[in-house]
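Just below is one structure, and these are the notes that go with it.
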Amino acid sequence: MDKDCLFCKIIAGEIPSAKVYEDDAVFAFKDISPIAPTHYLFVPKTHICCAKKITAENSQYVAKIFEAIAKVSEQENIESYRVINNCGEDAGQSVMHLHFHLVAGKKMGWGEQSLG
Ligand code: 5GP
Ligand code: ZN
């Protein structure tokens, strides 16, 4: 746990969140500013700042996150979805605790225009 990290505080329950899933390695909750009808954040229960710091020692958290995404989307009958990871400031990462956005419930564009 990083005492200055927003998502570590959410995982610890120090800051409230709308939880959608939890297991020994993964915590998932609703995004506070959703960009689609369904917008969840999946985070590892250990502090990893960003995708750049994924290694052979911690990559099991990423595998567990994708297993959790598959479980939640099946339980909620989400047929089609997009998983997004923003890594670094120019890519739009605003919280420095690794997280994957699960976005669904609307038709999504693809290509350069969808990058804003
Ligand atoms: P990023 O921009 O780093 O890829 O994604 C961070 C996400 O965290 C944003 O979509 C933002 O809306 C969400 N977020 C920021 N603060 C909070 C919060 O306190 N609670 C929740 N549930 N989501 C948050
Ligand atoms: Zn953290």
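The values are calculated or read from the model by the stated rules, or taken from the named source; none is laboratory data. All figures in this text were calculated on a predicted structure; none of them were measured in a lab. Cβ placement follows ideal geometry from the backbone for every residue including glycine, while neighbour counts extend to all protein chains displayed. Surface areas here come from the heavy atoms of the whole protein model, side chains and all, with no ligands, DNA or RNA. Shrake-Rupley method; radii C 1.70, N 1.55, O 1.52, S 1.80 Å.
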*For the range 32-83, restrict the atom set to alpha-carbon positions and state the Rg and Dmax in Å.*
12.6, 35
*Among 98-104, 66-72, 42-48, the order from most to least packed when residues are scored by Cβ within 10 Å on average*: 98-104, 42-48, 66-72
*asked:* Which lysines, if any, have their Cα less than 26 Å from the Cα of Lys3, not counting same-chain residues under 8 positions apart?
replied: Lys19, Lys30, Lys45, Lys52, Lys53, Lys64
*How many percent of Cα pairs in the chain exceed 20 Å?*
40 percent
_Accessible area per residue, Å², the chain with all protein chains present, probe 1.4 Å_ = 62 Å²
*Taking the Cα centre of the range 15-98 as origin, sum charge times position over the Cβ atoms of Lys and Arg (+1) and Asp and Glu (-1), and report the length of that vector in debye to the nearest 20.*
140 debye
*For Asn58 and Lys19, calculate 0.36 nm times their separation in residues minus their Cα-Cα distance, and state this gained length in nm to one decimal.*
11.7 nm
*Assuming R0 = 22 Å, can you tell me the calculated FRET efficiency for the pair Val83 and Ala12, based on Cβ-Cβ distance, to the nearest 0.05?*
0.35
*Of all accessible surface on the chain at a 1.4 Å probe, what whole percent is carbon and sulfur?*
51 percent
_Residue by residue through the range 92-106, what is 3J(HN,Hα) from phi via Karplus (6.51 cos²θ - 1.76 cosθ + 1.60, θ = phi - 60°)? Round to whole Hz and write x for glycine and proline._
x, 6, 10, 10, 8, 9, 2, 8, 10, 7, 9, 10, 7, x, 8
*Once you put a point 7 Å from the Cα of Lys106 and another 7 Å from the Cα of Lys3, both along the Cβ direction, what distance in nm separates them?*
4.0 nm
